[in-house]
Amino acid sequence: MTTAQTAYEAVIGLEVHVELGTATKMFCGCATDFGGEPNVRTCPVCLGQPGSLPVPNEGAVEAAIRLGLALDGTIAPESRFHRKNYFYPDMPKDYQISQYDVPICSGGHLEIVTDEGTRRIGITRVHMEEDTGKSLHVGGSGRIHGADYSLIDYNRAGIPLLEIVSEPDVRSADEARAYLAELRAIVLALGISDAKLEEGSMRCDANISIRPVDAPAYGTRVEVKNMNSLRSLHRAVSHEIARQTQLLDAGESVTQETRHWDEDAGATSTLRAKEEVFDYRYFPDPDLVPIAPSAAWVEQLGAELPELPAAARRRLSADLGLPDEQVATLVGARLTPVLDEAVAAGAPAHDAAKWLTNEVLSWCNDAGADPADVPMSGGQLAELVALIDDGTLSTKLAREVLTGVLDGEGSPTQIVDARGLEQVSDEGELAAMVDEAIAGQPEAADKVRSGNDKAIGALVGAVMKASRGQANPQRVNELLRERLGN
């Protein structure tokens, strides 16, 4: 007799750290540039030397408020910084300045789209803190265990961070990936960080437990770290759910701990015992006064928020009638402003969207360029579309002109004139080239006359070659059929 296995559901909360794109660090004037020689962007404040005093970065406070408002959270009229005490080589002060019981933002939510529809994930808090330094473990696997020695770079120490803590509302690896992708899109729309997962300017930890379906209590929580891409997060969460399920099915218990995700192995491994809040011995930082943003400032920042990704997707779908997949691509690549400008300049939305999602994104991929910084205005895109519509350019020639625009050669009209790319539509000129093609390929012409429609392609190709790609292909096709009685 076999016993049916228990059906489990995952309970997942995500902690996301966003490295802010301010010019200077959270509490000092050191630069925040990525890379460079180790330990050159440091000072007594970020190194925690005696007698140095921190001063909060106003730009970081503003970024925290803007993100909190974008997530529909409540901005605290007064919040304060605490000292989070723990000892690790990359912590020069042996404590981290963070926020504890009174964060700058609490509550809010983020909506994600899943195969089952739209789900709302609650936000517990958004708070400010400073980043740690970076440890480099030399030798062995690159981790501290088995390394020959370790080096510390404090350039990153003190860089401003926002930590966004979700409610344990996520139920699958798919939802976890969708949540992180949507949060990243919001951060990019606000312009507060470059949110590069691969460079660590956006980092995600997942708190994962499983419990029997419909059980009221949560299971034992495991924190998983070291996921530096959406794919890594999805794989790590899937693996951890499977690992915990296997343990419980075997009658074993899940240990509360922090685990490390190994991308190459596709598995998690024990990193350390999971700390509790009391282990950090939080207490208010005596060197920092409370943060008390005025209601007028908060209201102003809320009024100045840009269009957020979810609203942009709804608008492009409802107002412009674009398909969902195309909308997701445009919003995800932050090409919405170019599209809007092109439509305002007279380009049909579907035509402009097609050029952006196909040709422009292809160019960006080849050039290694961020689509949000594409060197083309919506007005130039509208001009290109108009040149196609009035017969000046064929689609093939338009691609050549687009490349010229993106390479900085000028407007579409300027490039057409400079390169002599105007499409040949003159009836007499086209007729002469068509007759020449028929005379030069009699076998293909006979096949077309006999009803072999595919053979006309060779004749069209001959005309296009003779015209250096500038003949109007639609009119060439029509003239060939007229000549050959097809």
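The values are calculated or read from the model by the stated rules, or taken from the named source; none is laboratory data. The structure presented is a predicted model; accordingly, all values stated were derived computationally and were not measured. Note: ideal-geometry Cβ built from the backbone for every residue, glycine included; neighbour counts use all protein chains shown. Accessible surface is based on the protein model in full, side chains and every heavy atom, while ligands, DNA and RNA are left aside. Shrake-Rupley method; radii C 1.70, N 1.55, O 1.52, S 1.80 Å.
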Mind checking which of Gly451, Gly378, Val224 is farthest towards the positive end of the chain's charge dipole, using Cβ charges of +1 (Lys, Arg) and -1 (Asp, Glu) about the Cα centre?
Val224
Kindly state, to the nearest 0.05, the FRET efficiency for Arg221 paired with Glu116, given R0 = 22 Å and r defined as their beta-carbon distance.
0.35
Of Lys396/Lys447; Lys225/Lys354; Lys196/Lys396, pairs whose Cα-Cα distance is over 30 Å
Lys225/Lys354; Lys196/Lys396
Coil-residue GluC sites (Glu not before Pro) of region 201-298, DSSP, other Cβ within 10 Å capped at 13
Glu252, Glu275, Glu276
Residues of region 100-137 with the amide nitrogen closer than 14 Å to a label point 7 Å from the Cα of Glu58, along Cα-to-Cβ, please.
none
When only C-alpha pairs under 8 Å and at least 6 residues apart count, what is the relative contact order of the chain, in percent?
13 percent
Karplus ³J(HN,Hα) for region 388-398 (6.51 cos²θ - 1.76 cosθ + 1.60, θ = phi - 60°; Hz, whole; x = Gly/Pro) runs 6, 5, 8, x, 5, 10, 7, 4, 5, 5, 5
Helix-only CD estimate at 222 nm, as mean residue ellipticity for the chain, using -39500 (n - 2.57) per DSSP H run (n ≥ 4)
-11500 deg cm²/dmol
Taking R0 as 25 Å, what's the FRET efficiency between Ser362 and Arg419 from their Cβ-Cβ distance, rounded to 0.05?
0.75
Rank by packing, highest mean first: peptides 199-205, 406-412, 64-70, with packing defined as the count of other Cβ atoms within 10 Å averaged across residues.
64-70, 199-205, 406-412
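Using r as the Cβ-Cβ distance of Asp407 and Glu436, and R0 as 30 Å, what FRET efficiency do you calculate, to the nearest 0.05?
0.30
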Taking protein heavy atoms only, a 1.4 Å probe, and rounding to whole percent, the accessible area of the chain owed to carbon and sulfur comes out at 50 percent
Rolling a 1.4 angstrom probe over the protein heavy atoms, how many square angstrom per residue are accessible across region 278-359?
53 Å²
Counting pairs of alpha carbon atoms under 8 Å apart in space and at least six apart in sequence, what relative contact order in percent does region 81-238 give?
17 percent
Distance in nm between label sites at Ser135 and Arg315, each 7 Å beyond Cα in the beta-carbon direction?
4.6 nm
